[in-house]
């Protein structure tokens, strides 16, 4: 089993900030819009380097989406920045009507996603955003796992023509993927080969899946671990191929089990290779205030929960 290590913990939102700056250096059409959260979205460096290409719209998220949609008509590649809750639920109508319906080249950058927003509580957390966004026709939905992958995903989003939802978070997490990785939208990443069960994970739960895989290996269970960084388009080929090998599946995500990665994987398997599946996700609930670690434990989003789900699904084979 391949061992993964990391030299630092760093938030994925910083990966976005670094990726946005690099994308802007590569393409003069990249512009940034922010809804009064420049520091929180780590857009400071972009603002400093390209002040004429940065637009602070204030706490007016719906207006920000409309502005971004209009900018694409002139050939710009706008990245809108605010918390994931305000990037989706607050402006869903504007995204649907002004961006998705006309397939505008807007990149919706959404930070502070999931429970790990922490102490700000349920009104600022969102556990429904992947479902909301993946249902929009033509919308690409990306949920990277660490700083390096978020940076690479941001650059890839800038080079892709069409609407993209890019989800990332606030807490410092292990940075373990290669700094020189090539990010391919819609292509899953095999982290560890296995034969007993497949664990499909996304976002912050990828590292938890790796930890679970190490503990399971010590117990004689060989788990195949796959990073599904793109929720849509989903890498159905990789999912079915792995499931046919292991005959059972666990999905892990910092999102409601309704509408998230788990349902996407279950749908793909139902159409191609039905097999036992267990979800590690929140159970149709809102979050609450607390530290990220406290909330991940309370809502069952840890490596231990993945291990429990793995043993349960293997017993169903």
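The values are calculated or read from the model by the stated rules, or taken from the named source; none is laboratory data. Quantities reported herein were computed from a predicted structural model and do not represent experimental measurements. When we count neighbours, we look across all protein chains shown, and the Cβ atoms used for this are built from the backbone with ideal geometry, even at glycine.
Taken over the range 22-39, the criterion of being touching a strand residue (DSSP E or B) at 6+ places or on another chain (Cβ under 6 Å), part of a loop (DSSP other than H, G, I, E, B) and touching a residue at least 60 places away in the same chain (Cβ under 8 Å) is satisfied by 37 alone. Only one of the numbered conditions (1) crowded, with 19+ Cβ neighbours inside 10 Å; (2) outside any strand (DSSP E or B); (3) within 17 Å of the chain's Cα centre (by Cα); (4) not assigned by TED's automatic domain parsing to the domain that holds residue 89 is violated by residue 212, and that is (3). Among the residues of the range 215-227, which ones are more than 14 Å from residue 309 (Cβ to Cβ), without any contact (Cβ under 8 Å) to a residue 60 or more places away in the chain and surrounded by 23 or more Cβ atoms within 10 Å (Cβ to Cβ)? Answer for the range 215-227, where residues must be more than 14 Å from residue 309 (Cβ to Cβ), without any contact (Cβ under 8 Å) to a residue 60 or more places away in the chain and surrounded by 23 or more Cβ atoms within 10 Å (Cβ to Cβ): just 226.
If the condition is being in contact with a strand residue (DSSP E or B) (Cβ under 8 Å, 6 or more places away or on another chain) and touching a residue at least 24 places away in the same chain (Cβ under 8 Å), then the range 264-282 contributes 264, 265, 269, 275, 276, 277, 278, 279, 280, 281, 282.
The residue of the range 1-10 that is surrounded by the most Cβ atoms within 10 Å (Cβ to Cβ), among those that are under 18 Å from residue 181 (Cβ atoms) and touching a helix residue (DSSP H, G or I) at 6+ places or on another chain (Cβ under 7 Å), is 10. Residue pairs whose Cβ atoms lie under 6 Å apart, separated by 6 or more positions or on different chains, with the first residue in the range 77-104 and at negative phi and in the same structural domain as residue 31 (by TED's automatic domain parsing) and the second at pLDDT below 95 and surrounded by fewer than 22 Cβ atoms within 10 Å (Cβ to Cβ), are 85/124.
Within the range 187-198, take every residue that is buried (at least 17 other Cβ atoms within 10 Å of the Cβ) and under 16 Å from the mean Cα position of the chain (by Cα) and give me the one that is farthest from residue 141 (Cα to Cα). Filtering first and then ranking leaves 189.
Filtering 60, 23, 45 for residues that are modelled with pLDDT of 95 or more, surrounded by fewer than 19 Cβ atoms within 10 Å (Cβ to Cβ) and under 18 Å from residue 154 (Cβ atoms) leaves a single hit, 45.
Yes or no: residue 174 under 26 Å from residue 22 (Cβ atoms) and surrounded by 16 or more Cβ atoms within 10 Å (Cβ to Cβ)? It is true that residue 174 is under 26 Å from residue 22 (Cβ atoms) and surrounded by 16 or more Cβ atoms within 10 Å (Cβ to Cβ). Hey, residue 180 hits all of (1) part of a helix (DSSP H, G or I); (2) surrounded by fewer than 16 Cβ atoms within 10 Å (Cβ to Cβ) but one; which does it fall short on? Going through the list (1) part of a helix (DSSP H, G or I); (2) surrounded by fewer than 16 Cβ atoms within 10 Å (Cβ to Cβ), residue 180 breaks only (1).
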